[in-house]
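Colleague: Here's a structure for you.
The values are calculated or read from the model by the stated rules, or taken from the named source; none is laboratory data. This structure is a prediction, so every number in the text was calculated from the model and none was measured. Glycine gets a Cβ as well: all are built from the backbone with ideal geometry, and neighbour counts include every protein chain shown.
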Amino acid sequence: MSWDPVYRLVKLIPRGRVLTYGSLARALRLRGGARAAGRAMAATPSGKGIPWHRVVGERGKLLIREPYASLQRKLLESEGVTLRESRVDINICHWHPPLGKSSTTNRKKPRKSK
């Protein structure tokens, strides 16, 4: 499976905002939910400009282990995100992904009968 759709969505997260693994999984309808999103983020290729640090756990918790946890904290703080005890205030910083096109938008409208 390609994680490209995950990385494309993560690239859309603005500076100073975060998305949870669960929200990421729901937005992309990933089979396996938040765990699948976590696997995708763990496999993030370096040097591609993917802001992996903007994806956090449920209720804003930083879930990555050291030494990357310190780096994630520094990167988030450099973007103006305030952390308290390894948590982001999800009520302030949560980003809501744009809604995708529904399956009905691409359907042709039925013709009116004469």
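Colleague: Could you list, in sequence order, all residues of the stretch 38-53 that are within 14 Å of LEU19 (Cβ to Cβ) and not in a loop (DSSP other than H, G, I, E, B)?
Modeller: GLY38, ALA40, MET41, TRP52, HIS53
Colleague: I want to confirm something. Restricting to the stretch 54-73 and keeping residues that are part of a loop (DSSP other than H, G, I, E, B) and closer than 18 Å to VAL10 by Cα, which single residue is modelled with the lowest pLDDT? Give the derivation first.
Modeller: Residues of the stretch 54-73 part of a loop (DSSP other than H, G, I, E, B): 57, 62-67.
With the extra rule that they be closer than 18 Å to VAL10 by Cα, the set shrinks to 57, 62-64.
Numbers: GLY57: 95, LEU62: 94, LEU63: 94, ILE64: 91.
If we take residues in the stretch 54-73 being part of a loop (DSSP other than H, G, I, E, B) and closer than 18 Å to VAL10 by Cα, then ILE64 is modelled with the lowest pLDDT.
The rows are residues; the columns are (1) free of Cβ contacts under 8 Å to residues at least 60 places away in the same chain; (2) under 11 Å from the mean Cα position of the chain (by Cα).
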| site | (1), (2) |
| --- | --- |
| ASP4 | yes, no |
| ARG8 | yes, yes |
| ILE13 | no, yes |
| ARG17 | no, yes |
| SER23 | no, yes |
| ARG29 | yes, no |
| GLY32 | yes, no |
| ALA42 | yes, no |
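Colleague: Shifting gears a bit: Which residues, counting only those in the stretch 1-36, are more than 15 Å from HIS94 (Cβ to Cβ), among the small types (Gly, Ala, Ser) and not in a helix (DSSP H, G or I)? Explain how you work it out, then say what you get.
Modeller: Initially, the stretch 1-36 is screened for residues more than 15 Å from HIS94 (Cβ to Cβ), giving 1-8, 11, 28-33, 35-36.
Of the ones still in play, those that are also among the small types (Gly, Ala, Ser) are 2, 32-33, 36.
Residues satisfying the conditions are SER2, GLY32.
Colleague: When you go through ARG29, ARG65 one by one, which is the residue that is within 23 Å of SER78 (Cβ to Cβ), loosely packed, with under 12 Cβ neighbours inside 10 Å and of a type in the set (Lys, Arg)?
Modeller: On the way: ARG29 fails: within 23 Å of SER78 (Cβ to Cβ).
ARG65 is the lone residue from the list that is within 23 Å of SER78 (Cβ to Cβ), loosely packed, with under 12 Cβ neighbours inside 10 Å and of a type in the set (Lys, Arg).
Colleague: What do you reckon, is LEU76 in a loop (DSSP other than H, G, I, E, B) and hydrophobic (A, V, I, L, M, F, W, C)? So that I can check it myself, show each step before the final result.
Modeller: Working: in a loop (DSSP other than H, G, I, E, B): no; hydrophobic (A, V, I, L, M, F, W, C): yes.
For LEU76, the condition - in a loop (DSSP other than H, G, I, E, B) and hydrophobic (A, V, I, L, M, F, W, C) - is not met.
Colleague: Output yes when any residue across the stretch 72-83 is closer than 23 Å to PRO5 by Cβ, surrounded by 13 or more Cβ atoms within 10 Å (Cβ to Cβ) and touching a Lys or Arg at 6+ places or on another chain (Cβ under 6 Å), and no when none is.
Modeller: Checked against the condition, which is being closer than 23 Å to PRO5 by Cβ, surrounded by 13 or more Cβ atoms within 10 Å (Cβ to Cβ) and touching a Lys or Arg at 6+ places or on another chain (Cβ under 6 Å), the stretch 72-83 yields no hits at all.
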